[in-house]
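K.L.:
Starting off with a structure, shown below.
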Amino acid sequence: MEGLKRAERANIPTTYHNLLAYKKKHPQTPEGVATARAQYDADLADIILKLQPRPDLIVCAGWMHIFTPSFLSPIASASPSPPFTTSGIRVINLHPALPGEFAGANAIERAWEAGRKGEIKRTGVMIHELIEEVDAGEAILTQEVEIKEGETLDGLAERMHKVEHGLIVDGTRRVLGGLAR
């Protein structure tokens, strides 16, 4: 919710689209959950595609939602606003792990535990293209983060979040710069 507050202070228009209402409409079975998510994603894509001007880039940071084709397909086939001429609206994601490592939830905790066991000496942060496969899209930027011997999970998480905050800005700039060319 801090993002909504910051946007309001900066006079940036926002909307809030909650998955919970969709979950309440469907049984909590695997099929019901899948239907709720697909409907939510389709409606979210529709909300975004009706924006004027249409966004050039969607940035997911702390989103914690795995998009279905109901979102990804219409976004990928949409045209961004001029002057951009690329096909599809780009979607990027922030993930607190390096490519191919610790995909999905609790990545920092899993990396810390692997470090504690001596299995790894570093983890990292990546900004990547968002695709249907979780945290598997092409990396745009990565930065390694050392796992320090004896460090607490909270200590690693704090250092990781500092890296995330800078890398998401740098990754967004890099993608927007590429779109402008």
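The values are calculated or read from the model by the stated rules, or taken from the named source; none is laboratory data. On a predicted model such as this, the values are computed, not experimentally measured, just so you know. A quick note on method: Cβ atoms are made from the backbone with ideal geometry, for glycine too, and the neighbour counts reach across all protein chains shown.
K.L.:
Only one of these conditions is not met by Lys121: (1) loosely packed, with under 13 Cβ neighbours inside 10 Å; (2) free of Cβ contacts under 8 Å to residues at least 24 places away in the same chain. Which number is it?
P.N.:
The number of the failed condition is (2).
K.L.:
Something else: Going by the structure shown, is Ile120 part of a loop (DSSP other than H, G, I, E, B) and either outside the structural domain of His65 (by TED's automatic domain parsing) or of a type outside the set (Asp, Glu) (or both)? Talk me through it step by step, then tell me what you get.
P.N.:
Values: part of a loop (DSSP other than H, G, I, E, B): yes; either outside the structural domain of His65 (by TED's automatic domain parsing) or of a type outside the set (Asp, Glu) (or both): yes.
So Ile120 fits the description; yes.
K.L.:
Tell me, which helices (runs of 4 or more DSSP H) wholly within the stretch 1-102 include 2 or more residues that are in contact (Cβ under 8 Å) with a residue 24 or more places away in the chain and of a type in the set (A, V, I, L, M)?
P.N.:
Working: elements: 2-9, 20-25, 30-49, 69-77.
In the stretch 1-102, the matching helices (runs of 4 or more DSSP H) lie at 30-49, 69-77.
K.L.:
Just to be sure I understand, how many residues within the stretch 1-19 are under 13 Å from Leu44 (Cα atoms) and either acidic (Asp, Glu) or exposed (fewer than 10 other Cβ atoms within 10 Å of the Cβ) (or both)?
P.N.:
Matching residues across the stretch 1-19 total 3.
K.L.:
Report yes if some residue within the stretch 141-154 is closer than 21 Å to Ile66 by Cα and either touching a Gly at 6+ places or on another chain (Cβ under 8 Å) or surrounded by 14 or more Cβ atoms within 10 Å (Cβ to Cβ) (or both); otherwise report no. Explain how you work it out, then say what you get.
P.N.:
Taking the stretch 141-154 first, the residues closer than 21 Å to Ile66 by Cα are 141-142.
Remaining after also requiring either touching a Gly at 6+ places or on another chain (Cβ under 8 Å) or surrounded by 14 or more Cβ atoms within 10 Å (Cβ to Cβ) (or both): 141-142.
Yes, there is a match, as at least one residue in the stretch 141-154 is closer than 21 Å to Ile66 by Cα and either touching a Gly at 6+ places or on another chain (Cβ under 8 Å) or surrounded by 14 or more Cβ atoms within 10 Å (Cβ to Cβ) (or both).
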